[in-house]
Amino acid sequence: QKEVEQDPGPLSVPEGAIVSLNCTYSNSAFQYFMWYRQYSRKGPELLMYTYSSGNKEDGRFTAQVDKSSKYISLFIRDSQPSDSATYLCAMSFHASGGSYIPTFGRGTSLIVHP
Amino acid sequence: EAGVVQSPRYKIIEKKQPVAFWCNPISGHNTLYWYLQNLGQGPELLIRYENEEAVDDSQLPKDRFSAERLKGVDSTLKIQPAELGDSAVYLCASSLDGLAGAPGDTQYFGPGTRLTVL
């Protein structure tokens, strides 16, 4: 079993829909949680960062963390065709030696059709 | 401001041939990362540099992979000899302080080099 599990999709939704993307994890040491967006033929870019249980909102995006269930979510409101991309969750902890290298999920492919 | 630059963008080689990838990080970023991304998977760290020093290379297959970051700026990742299973996207990333998964430091990725080994 991988440390971070993420459904690869694809998830296809109509424009304007609310999208829910999720990851589960097994390592209770994870403290920091990130969502990256990766367009085709591009590198990932950081969308959201959070480190506590609860919700964090940024425009149309809301990141939710439930540490007791080891479950994180990303919600996208009023989805647009430009949101079509692969969404990668990532998480990290303060390892010995001082590093915080993220462990990535495999990504969920999202398609928003007009 | 220019982002992380990688070249070449695409490379096709025969197995057993050598190949090299180049990365130029964002100016002023001390930490440079090389990741491997297989199709349908998330990035996996190969090596991390703090300035010129490789501080985390436990996932780098040292029998065939090597990397260097001379003068603490540009970096080169080399595979010799390449195997069929090395076909993947090789991503370079940089961050200011080397705390890419911690509060206050963001990791910026380049577009990657897509390697195909025939």
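The values are calculated or read from the model by the stated rules, or taken from the named source; none is laboratory data. All of these numbers come straight from a predicted model, not from anything done at the bench. No Cβ is skipped: glycine too gets one built from the backbone with ideal geometry, and neighbour counts run over all protein chains shown. All accessible areas refer to the heavy atoms of the entire protein, side chains included, with ligands and DNA or RNA removed. Shrake-Rupley method; radii C 1.70, N 1.55, O 1.52, S 1.80 Å.
Observations on the structure shown:
- Only a single item in (1) under 13 Å from the mean Cα position of the chain (by Cα); (2) within 11 Å of another protein chain (Cβ to nearest Cβ); (3) at pLDDT below 95 is not met by B:GLN37, and it is number (3).
- Residue count for segment A:9-25, restricted to those that are open to solvent by 50 Å² or more (accessible area, probe 1.4 Å) and either within 17 Å of B:ALA93 (Cβ to Cβ) or at pLDDT below 95 (or both): 0
- Qualifying residue in segment B:31-47 (condition: within 18 Å of A:LEU88 (Cβ to Cβ), free of Cβ contacts under 8 Å to residues at least 24 places away in the same chain and out of contact with any Phe, Trp or Tyr (no Cβ under 7 Å at 6 or more places or on another chain)): yes
- Matching residues in segment A:39-60 - criterion: being more than 14 Å from chain B (Cβ to nearest Cβ) and either assigned to a loop (DSSP other than H, G, I, E, B) or buried (at least 18 other Cβ atoms within 10 Å of the Cβ) (or both): A:SER53, A:GLY59, A:ARG60
- A:GLN80 meets all of the listed conditions (1) within 14 Å of chain B (Cβ to nearest Cβ); (2) over 14 Å from the mean Cα position of the chain (by Cα) but one, namely (1).
- The one condition from (1) of a type in the set (A, V, I, L, M, F, W, C); (2) facing another protein chain (nearest Cβ under 9 Å); (3) over 17 Å from A:SER40 (Cα atoms) that A:ILE72 does not meet is (2).
- Evaluating B:GLY72 against the criteria (1) modelled with pLDDT under 90; (2) under 20 Å from A:PRO102 (Cα atoms) leaves one unmet condition, (2).
- Among the candidates A:ALA85, A:ALA95, A:ALA90, residue that is crowded, with 21+ Cβ neighbours inside 10 Å and within 19 Å of B:LEU32 (Cα to Cα): A:ALA90
- Qualifying residue in segment A:100-108 (condition: modelled with pLDDT of 95 or more, open to solvent by 50 Å² or more (accessible area, probe 1.4 Å) and within 29 Å of B:GLU50 (Cβ to Cβ)): yes
- Unmet requirement for A:SER28, which otherwise passes all of (1) on the phi < 0 side of the Ramachandran plot; (2) within 13 Å of chain B (Cβ to nearest Cβ): (2)
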